[in-house]
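Working notes, beginning with the structure itself.
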Amino acid sequence: MPTINEQLTEEIRVQARKLLADKTVAAVIGYTAGSLPMTVKPAVIRAADDCGRLVWNSFCVLNLANYLPEVLKSVEPPRGPRDPKPTGPLPKVAVMATGCWSRNIVVQIQEHQVERERVVVMAIGSRGMVSRRKVEAHFSGREILAVTELDHELVVKGADFTETVNRWSMVRDNCQTCTHPDPVLVDVRIGAPAADRKNPNPFKQVEMIEARSTDERWAWFSAEFSSCIRCYACRNACPLCYCPTCFVDDARPQWVGKSLDATDTGLFHVLRAYHCAGRCTDCGACESVCPMGINMRMLTKKLNKDVLNLYGIEAGMQPDTPLPLTTYKPDDPQQFIVNEPGSAKEGA
């Protein structure tokens, strides 16, 4: 009997082939097999005959929404930088999306990076993606030559061993704390919907750091980010990073130095996190691609917690509601900016 992922893979291939064959879309963004254990490759499929290359498994960790704006541009008629946008309907692009990826697409729509009518969301309920680092740490010192995924187990093989481990124990931290694994946008349903996970405290890791003293939090931050090599893989994998010029590349003014000095490195990560405030869906792509294994999600997760507490909003969950930091109300509290007359702080 085929596994869950084998069934999903076949369904993806059938639906993608149909969308391309009947010209509903000009391209499908998905995954093909990788060359190493526990790896897959993002791919853009433009011909129906190539859909047999598409795969789906628990190692699909990169957020495909990251590729959507550029792929949409690639299927438009060629035009010069000063030419007006073509009139009439433009070609559509299909993209596979789990819960957090679909929420990123919502944010991209809210920020006018993509047009909803040009996107066909192939919605897949997430069962949680496996952390390659967790698997490698579990088999520390032993070379992994192959990993076979069953419905609830991973069969890991090396030159002189074959072991079975529980799949959920190897699932990424962000997936284990995710409360919305099913897509919020659905055009083509792949497999069964995923039920919301009953997670009593999705911010437990953040609160453990918040409970520390100021000196202890600073020590954690300094130690956690000390190994950063400024490769910018986290920025490049993020579906929210589409500024024409990134702040780290600006020279006039130069916002942050490019050295590996602790001040420059720390400032880069803090500024990058603040740029994601109210927009991050905790997809975990930044951590998955970091070659140094930095736990940078704690910064954006902290901001997610604050935005939820202050505004009652989770990124991408309210498509018709403006992003919290792009709007204001006349009666918004301002105590953090000025001391209002009669406030306790006024005479301090």
With every atom except the alpha carbons ignored, what do you get for Rg and Dmax of region 229-276, in angstroms?
10.3, 27
Take the alpha carbon atoms of region 61-121, find their center, do the same for region 125-172, and report the distance between the two centers in whole angstrom.
34 Å
Can you list residues whose amide H is under 5 Å from VAL171's amide H, if they're 5+ apart or on another chain and H is modeled 1.01 Å from N?
SER131
If the reach is capped at under 18 angstrom between alpha carbons, list the aspartates and glutamates near LYS302, excluding any in the same chain fewer than eight residues apart.
ASP173, GLU207, GLU210, ASP215, GLU216, GLU224, ASP282, GLU287, GLU314
For region 4-190, percent of DSSP beta bridges that are antiparallel (nearest 5) comes out at 60 percent
Expressed in µm² per second, the diffusion coefficient of region 204-326 from the Stokes-Einstein equation, with Rh the Kirkwood radius over alpha carbon pairs, at 25 °C and 0.890 mPa s, is 159 µm²/s
Helix-only estimate, please: 222 nm mean residue ellipticity of the chain, summing -39500 (n - 2.57) across DSSP H runs of length 4 or more and dividing by its residues, to the nearest 500.
-9000 deg cm²/dmol
Under 14 Å, Cβ to Cβ, from ILE4 - net charge with Lys/Arg +1 and Asp/Glu -1:
-4
With 10 Å bins from 0: P(r) over region 75-122, alpha-carbon pairs, percent:
24, 46, 25, 5
With all pairs of different alpha carbon atoms counted, what Kirkwood hydrodynamic radius in Å does region 117-226 show?
17.1 Å
For LYS134, the net charge from surrounding residues (Cβ-Cβ under 12 Å; K, R +1; D, E -1) works out to +1
In region 4-190, how many lysine pairs have Cα atoms under 28 Å apart, counting only pairs 8 or more places apart or on different chains?
14
Linear extension gain, ARG116 paired with GLU70, 0.36 nm per residue minus alpha-carbon span
15.1 nm
No other cysteine beta carbon under 4.7 Å away is the test; run it over the chain and list who passes.
CYS51, CYS60, CYS175, CYS178, CYS228, CYS231, CYS243, CYS246, CYS290
I need the semi-axes of the equivalent ellipsoid of the chain: take the C-alpha gyration tensor, multiply each eigenvalue by 5, square-root it, list largest first in whole angstrom.
34, 28, 20
Once phi for every residue in region 60-66 is put through the Karplus expression 6.51 cos²θ - 1.76 cosθ + 1.60 (θ = phi - 60°), the whole-Hz ³J(HN,Hα) values, with Gly and Pro written as x, are 7, 9, 6, 7, 5, 4, 4
Using distinct alpha-carbon pairs, which all enter the 1/r mean, Kirkwood radius of region 21-130 in Å
14.9 Å
What's the Kirkwood radius of region 78-166 in Å, using all Cα pairs?
17.1 Å
Starting from the amide H of VAL120, placed 1.01 Å from N in the peptide plane, find each other amide H under 5 Å away whose residue is 5 or more places distant or on another chain.
VAL93, ALA94, VAL95
Quick one: check the C-alpha center-to-center distance for region 238-307 versus region 40-59, whole angstrom.
29 Å
Fraction of antiparallel bridges per DSSP, the chain only, in percent to nearest 5:
60 percent
How high is the FRET efficiency between SER140 and ALA195 when r is their beta carbon distance and R₀ equals 30 Å, given to the nearest 0.05?
0.30
Within a Gaussian network of the chain (alpha carbon springs, distance under 10 Å), most fluctuating of MET208, MET96, MET296
MET208
In whole Hz, what ³J(HN,Hα) sequence does region 272-280 give by Karplus (6.51, -1.76, 1.60; θ = phi - 60°), x for Gly and Pro?
4, 5, 5, 5, 9, 4, x, 10, 6
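Read-outs: derived from the displayed coordinates by stated rules, not from any lab. Here the structure is a predicted model, which is why all the values come from computation and not from measurement. Glycine also receives a Cβ, built like all others from the backbone with ideal geometry; neighbour counts cover every protein chain displayed.
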